[in-house]
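Novice: Sending over a structure as structure tokens; questions will come in a sec.
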Amino acid sequence: MTVDEYKEEAARVRPQLLFMARRYMGDEEDAEDVVQDVLLKLWQIRDTLRQPMDGFATILVRNRCIDLIRRRPERQAIRENMAEESHEADERIDRMMKIIDRLPTLQQTLIRLRHMENMEMKDMAALIGSNEVAVRKALSRARQAIRDNFLKEEGHE
């Protein structure tokens, strides 16, 4: 099958394959992914394909959908786990930001400049009118205060 013949044949069977994949998968994005995978496989073997390719493409779509459906519980569990971890991380970040808000003004400023603005120590020192050693010490004390408060709130102290 030539490249032009493949393009024509793929354009002709794509709507049929999408319809079938949607019925199996129940999700538009998953159906699109399945059809794309199948069309890519067919592209890779286009030299050995014959027209019409409806039947072969339909079988490939059906098999790919079944494979994905069989793996779905694993994927769903992974998605749920990731969502839960993301939620926990968001809560921890919120707690951390509240702790930072309770720090003395200089420590808040240094933490924000260093970790949120990615500013260098020498630039921070110049900004607040101090030397790098003093900035490093103040930043270290701020980090330690955040750590202590965070652990205290978790009940580790």
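Let's see how each residue does on (1) open to solvent by less than 80 Å² (accessible area, probe 1.4 Å); (2) of a type in the set (Phe, Trp, Tyr); (3) in contact with a Leu (Cβ under 8 Å, 6 or more places away or on another chain); (4) modelled with pLDDT of 85 or more:
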{"position": "VAL35", "(1), (2), (3), (4)": "yes, no, yes, yes"}
{"position": "VAL38", "(1), (2), (3), (4)": "yes, no, yes, yes"}
{"position": "ASP47", "(1), (2), (3), (4)": "no, no, no, no"}
{"position": "ASP54", "(1), (2), (3), (4)": "yes, no, no, no"}
{"position": "PRO73", "(1), (2), (3), (4)": "no, no, no, no"}
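Novice: So if I check each of TYR24, TYR6, which one is in a helix (DSSP H, G or I), open to solvent by 60 Å² or more (accessible area, probe 1.4 Å) and among the hydroxyl-bearing types (Ser, Thr, Tyr)?
Specialist: TYR24
Novice: From the list ASN149, ASN118, pick out the single residue that is surrounded by 11 or more Cβ atoms within 10 Å (Cβ to Cβ) and not assigned by the TED database to the domain that holds PRO15.
Specialist: ASN149
Novice: Quick check on my filter: what residues within region 100-155 are of a type in the set (Lys, Arg) and out of contact with any Leu (no Cβ under 7 Å at 6 or more places or on another chain)?
Specialist: If the condition is that a residue be of a type in the set (Lys, Arg) and out of contact with any Leu (no Cβ under 7 Å at 6 or more places or on another chain), then ARG102, ARG112, LYS122, ARG136, LYS137, ARG141, ARG143, ARG147, LYS152 are the ones that fit.
Novice: Further, regarding this structure: Could you tell me whether THR58 is open to solvent by less than 50 Å² (accessible area, probe 1.4 Å), of a type in the set (Val, Ile, Thr) and closer than 28 Å to ASP4 by Cα?
Specialist: Criteria met by THR58.
Novice: Are there any pairs with C-beta distances below 8 angstrom linking a residue in region 21-43 that is without any contact (Cβ under 8 Å) to a residue 12 or more places away in the chain to a residue that is surrounded by fewer than 17 Cβ atoms within 10 Å (Cβ to Cβ) and of a type in the set (A, V, I, L, M), with the two at least 6 apart or on different chains, and if so which?
Specialist: none
Novice: Here is a follow-up. Mind checking which residues of region 108-142 are over 18 Å from ASP94 (Cβ atoms) and touching a residue at least 24 places away in the same chain (Cβ under 8 Å)?
Specialist: LEU110, ARG114, VAL135, ALA138, LEU139, ARG141, ALA142
Novice: Spot the failing condition for ILE59; the list is (1) over 30 Å from ALA142 (Cα atoms); (2) at pLDDT below 80, and only one is missed.
Specialist: (2)
The values are calculated or read from the model by the stated rules, or taken from the named source; none is laboratory data. Just so you know, these numbers come straight off a predicted model, no measurement behind them. Note: ideal-geometry Cβ built from the backbone for every residue, glycine included; neighbour counts use all protein chains shown. With ligands, DNA and RNA removed, areas are computed over all heavy atoms of the protein, side chains included. Shrake-Rupley method; radii C 1.70, N 1.55, O 1.52, S 1.80 Å.
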